[in-house]
Amino acid sequence: MDFLTIIQLLDSTVRLATPLLLACLAGLFSERAGIFDIGLEGKMLMAAFFSAAVAAVTGNVWLGLLAGIGSSLLLAGLHGVASITFRGNQLISGVAINFLAAGMTVLIAQDWFQQGGRTPSLIGGGRFTPFDLPFAESLSGVPGLGPVYAELLSGHSILVYIAFLAVPATWWVLFRTRFGLRLRAVGENPAAVDTAGVSVVGLRYAAVLICGLLCGIAGAYLATALQAGFVKDMTAGRGFIALAALIFAKWRPWHAMGACLLFGLLQAVALRFQNIELGGITIPVQAMDALPYVLTVVILAGFVGKAIPPRAGGEPYVKER
Amino acid sequence: MEKMPKWADVVLIPLISLILAALLSALVILGIGEDPVAAVKLMVDGALGSTYGWGYTLYYATNFMFTGLAVAVAAHAGLFNIGGEGQAMLGGLGVAVICLFIPWPHWSLALIFAALGAGLFGAAWAAIPAYLQAKRGSHIVITTIMFNFIAAAVLNYVLVNLLRPEGSMDPATARFPETVHLPSLHELLAPVGIAFSKSAPANVSLLVAIGACLFVWLLIWRTPLGYEIRSLGKSEPAARYAGISSVRTIMIAMLISGALAGMMAVNNVMGEAERLVLNATEGAGFIGIAVALMGRNHPFGVFLAAILFGFLYQGGAELALWTSIPRELIVVIQALVILFTGALDNMVRMPLERVFLAMRKGQN
């Protein structure tokens with residue numbers, strides 16, 4: 001494998017890791033506040049459709065992004081109402097949201113565009129275009145670091161940079177602000193937060209809505225930057241891979257980035273090579289597909305360091321017992 | 001004192017949830033510019049108006065009975081088995097191995113062993129998440145979700161690399177031999193003089209599914225094991241105090257649950273397709289969640305809810321055929337049913353409890 005192939009592989013890793021990373025950070029906020037969210041997939045799918053649909057109609061990708069975030073926030077609000085206000089089962093609510101998105105996107109797409117559940121292909125201003133870092137062009141001639149800067153780091157869509165900047169931002173919010181401290185506390189011991197006079201309900205809603213915002217960006221990235229338009233079920237399990245990455249990272253932002261890059265690399269390798277020959281043994285492409293899930297189960301099993309979720313995760317908070 | 005009479009809990013709440021889901025679905029149909037009344041008429045005609053329609057409705061219902069029972073048994077133990085899809089996929093593999101590699105003299109013998117094989121493969125696929133939950137405390141919802149994806153990869157590998165007949169491009173097994181063909185309802189009912197549609201896929205596995213409903217009822221409410229499962233589901237510390245081993249009970253409940261989900265393959269793989277294809281389960285494992293929620297985890301409720309969802313599936317297919325409403329409408333309805341009967345249960349329950357309390361005060 002030559003240098004250029006490696007650069008290209010890593011480049012595609014960054015692209016494929018971006019939606020995983022955004023969804024993973026989304027889940028991080030929600031689960032750190034004690035709200036399990038297996039509806040990341042559904043929120044991303046809904047945002048993917050609405051961003052592509054609005055971008056296709058208006059020709060403006062920024063309006064598309066807003067529409068995607070709006071639709072994702074709506075589903076996040078529904079999850080909040082079900083799991084915070086009505087103290088319902090958070091897992092069941094997540095399942096319902098996934099199905100709701102899978103069905104509604106196709107239904108509305110068929111009604112609006114009559115193209116068998118897809119949106120028209122996005123052209124021109126309807127897509128996020130590559131964003132060149134300064135001096136990328138002139139530095140590309142420098143041997144070694146030049147191609148790394150020009151090919152690998154530069155030339156992604158703006159959302160890629162937002163996703164990677166969201167990692168230190170998440171870390172800062174969660175571990176260096178009062179809001180973050182309270183948010184983490186509400187996921188560990190809501191009664192203590194309540195006793196301190198801070199609203200458990202308010203904090204949890206805030207966390208769920210931040211989750212919706214990030215899922216919205218993830219979905220918009222899928223439909224308007226990574227690909228040019230929405231197709232049925234285009235998230236293809238990415239929400240669950242993000243969930244896996246979240247557990248793999250043990251609910252920590254920097255580790256989440258590592259896990260998403262690893263899973264992105266696996267996807268990139270599976271896309272580029274079909275079966276891989278390693279010292280006479282052929283690794284089938286299906287093994288690459290299954291690897292993120294297998295790794296997550298191994299981590300969950302606690303054989304390689306134990307993954308301990310936030311203590312109050314999944315339990316609705318009842319003020320008085 | 002109970003806040004509500006039992007009938008309200010068992011009948012009224014699911015009914016109100018169902019009506020809410022139906023109303024919202026009607027709004028969705030209106031929203032995409034179609035007539036909900038005409039749509040319902042078309043669905044009833046298409047799914048229940050002929051023995052052909054019934055044949056499809058009952059075929060789908062058979063799948064959903066197995067996966068619904070699977071979710072229900074796990075739920076009684078306080079476990080949410082979201083992995084019915086993967087377990088049913090592996091069950092299909094079990095059926096395929098048994099039907100392809102053993103020359104069966106008669107379908108009845110093949111049916112018994114295929115059901116056992118499907119159950120065994122499904123249970124095996126549930127065993128690892130169950131063990132991890134029981135022994136290491138790994139959350140079973142996450143592990144079973146992961147195992148759904150791993151199952152899809154395994155099935156893909158086996159079909160493409162191992163079981164695909166030579167020269168075939170299609171990732172599917174060869175056709176099963178003629179001797180393991182399961183009699184359809186047409187062949188079963190013809191000797192009794194009832195004319196049932198020839199081309200509908202409902203087959204003898206319907207009886208197996210009804211048998212499974214009876215089995216689950218006996219297991220849960222008439223055996224010591226069922227008592228242990230329910231105790232564990234109600235309160236783990238109490239169960240442990242009563243000397244019930246939580247590890248053993250979790251393992252057994254999940255193995256039974258996985259086996260039930262796996263046995264669905266007898267219907268869709270052996271009874272209908274007569275070969276194993278890549279997407280044989282078609283999401284039936286997930287519909288089991290809606291069916292179990294709707295049926296309040298009771299086998300009779302699961303039976304009724306499975307028929308309701310069978311009707312929705314067949315009716316939805318008819319809608320997609322005759323109108324511009326896509327099949328995904330069913331996915332939306334399914335989502336709304338899960339939402340109202342599952343996640344938003346308290347939204348219906350809380351006001352209703354208040355009404356019943358007020359009524360009781362009025363009487364005293």
Just a yes or no: is a residue in the stretch A:230-252 within 14 Å of another protein chain (Cβ to nearest Cβ), out of contact with any Lys or Arg (no Cβ under 7 Å at 6 or more places or on another chain) and of a type in the set (Phe, Trp, Tyr)?
yes
Residue hits (the stretch A:113-171; part of a loop (DSSP other than H, G, I, E, B), closer than 24 Å to residue A:49 by Cβ, touching a helix residue (DSSP H, G or I) at 6+ places or on another chain (Cβ under 6 Å) and not charged (D, E, K, R)) are A:117, A:119, A:120, A:122, A:128, A:157
Name the single residue, out of those in the stretch A:299-317 being surrounded by fewer than 16 Cβ atoms within 10 Å (Cβ to Cβ) and more than 18 Å from residue A:32 (Cα to Cα), that is modelled with the highest pLDDT.
A:302
Which condition does residue A:285 not pass, out of (1) closer than 19 Å to residue A:6 by Cα; (2) within 14 Å of the chain's Cα centre (by Cα); (3) hydrophobic (A, V, I, L, M, F, W, C), if it passes all the others?
(2)
Out of contact with any Asp or Glu (no Cβ under 8 Å at 6 or more places or on another chain) and surrounded by 16 or more Cβ atoms within 10 Å (Cβ to Cβ): is that true of residue B:194 in this structure?
no
By my count, helices (runs of 4 or more DSSP H) wholly in the stretch B:136-253 with at least 2 residues that are within 14 Å of another protein chain (Cβ to nearest Cβ) are B:140-157
So, residue B:118, is that one modelled with pLDDT of 90 or more and surrounded by fewer than 17 Cβ atoms within 10 Å (Cβ to Cβ) or not?
no
Positions within the stretch B:337-349 being out of contact with any Phe, Trp or Tyr (no Cβ under 9 Å at 6 or more places or on another chain) and under 26 Å from residue B:32 (Cα atoms), in sequence order:
B:340, B:341
Please go through (1) farther than 20 Å from residue A:293 by Cβ; (2) part of a helix (DSSP H, G or I); (3) away from chain A (no Cβ under 14 Å) for residue B:71 and return the number of the only condition it doesn't satisfy.
(3)
Please work out if residue B:10 is away from every other protein chain (no Cβ under 14 Å) and either surrounded by fewer than 16 Cβ atoms within 10 Å (Cβ to Cβ) or in a helix (DSSP H, G or I) (or both).
yes
So the check is Cβ under 7 Å with 6+ separation or different chains; which pairs have a first residue in the stretch B:324-347 that's at the interface with another protein chain (Cβ under 7 Å from one of its Cβ atoms) and under 22 Å from residue A:113 (Cβ atoms) and a second one that's among the hydroxyl-bearing types (Ser, Thr, Tyr) and not in a loop (DSSP other than H, G, I, E, B)?
B:332/B:25
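Going through A:186, A:173 one at a time, which residue ends up being under 24 Å from residue A:75 (Cβ atoms), free of Cβ contacts under 8 Å to residues at least 24 places away in the same chain and among the aliphatic types (A, V, I, L, M)?
A:173 is the lone residue from the list that is under 24 Å from residue A:75 (Cβ atoms), free of Cβ contacts under 8 Å to residues at least 24 places away in the same chain and among the aliphatic types (A, V, I, L, M).
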Condition first: more than 17 Å from residue A:238 (Cα to Cα), free of Cβ contacts under 8 Å to residues at least 40 places away in the same chain and in contact with a Ser or Thr (Cβ under 8 Å, 6 or more places away or on another chain). Can you find one or more residues in the stretch A:12-30 that meet it?
no
The stretch A:50-84, subset buried (at least 23 other Cβ atoms within 10 Å of the Cβ) and within 12 Å of another protein chain (Cβ to nearest Cβ), residue farthest from residue A:319 (Cα to Cα)
A:75
Go through the stretch A:85-108 and report how many residues are surrounded by 24 or more Cβ atoms within 10 Å (Cβ to Cβ) and more than 7 Å from chain B (Cβ to nearest Cβ).
6
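Matching residues to (1) in contact with a strand residue (DSSP E or B) (Cβ under 8 Å, 6 or more places away or on another chain); (2) closer than 30 Å to residue B:130 by Cα; (3) not acidic (Asp, Glu):
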| position | (1), (2), (3) |
| --- | --- |
| B:6 | no, no, yes |
| B:18 | no, no, yes |
| B:24 | no, no, yes |
| B:31 | no, no, yes |
| B:34 | no, no, no |
| B:38 | no, no, yes |
| B:56 | no, no, yes |
| B:64 | no, yes, yes |
| B:71 | no, yes, yes |
Could you give me the residue pairs with C-beta distances under 6 Å whose first residue belongs to the stretch B:25-39 and is facing another protein chain (nearest Cβ under 9 Å) and touching a residue at least 60 places away in the same chain (Cβ under 8 Å), whose second residue is acidic (Asp, Glu) and surrounded by fewer than 21 Cβ atoms within 10 Å (Cβ to Cβ) wherever it lies, and which are 6+ apart or on separate chains?
B:32/A:111
Pairs where the first residue, in the stretch A:32-54, is at positive phi and the second is basic (Lys, Arg), C-beta under 9 Å, 6+ apart:
A:34/A:204; A:34/A:311
Scanning the stretch B:294-312 for residues that are within 14 Å of chain A (Cβ to nearest Cβ) and at pLDDT 90 or above, the one surrounded by the fewest Cβ atoms within 10 Å (Cβ to Cβ) turns out to be B:297
Just a yes or no: is a residue in the stretch A:118-128 under 23 Å from the mean Cα position of the chain (by Cα) and within 12 Å of chain B (Cβ to nearest Cβ)?
yes
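The values are calculated or read from the model by the stated rules, or taken from the named source; none is laboratory data. Just so you know, these numbers come straight off a predicted model, no measurement behind them. Ideal geometry is used to build each Cβ from the backbone, glycine not excepted, and the neighbour counts take in all protein chains shown.
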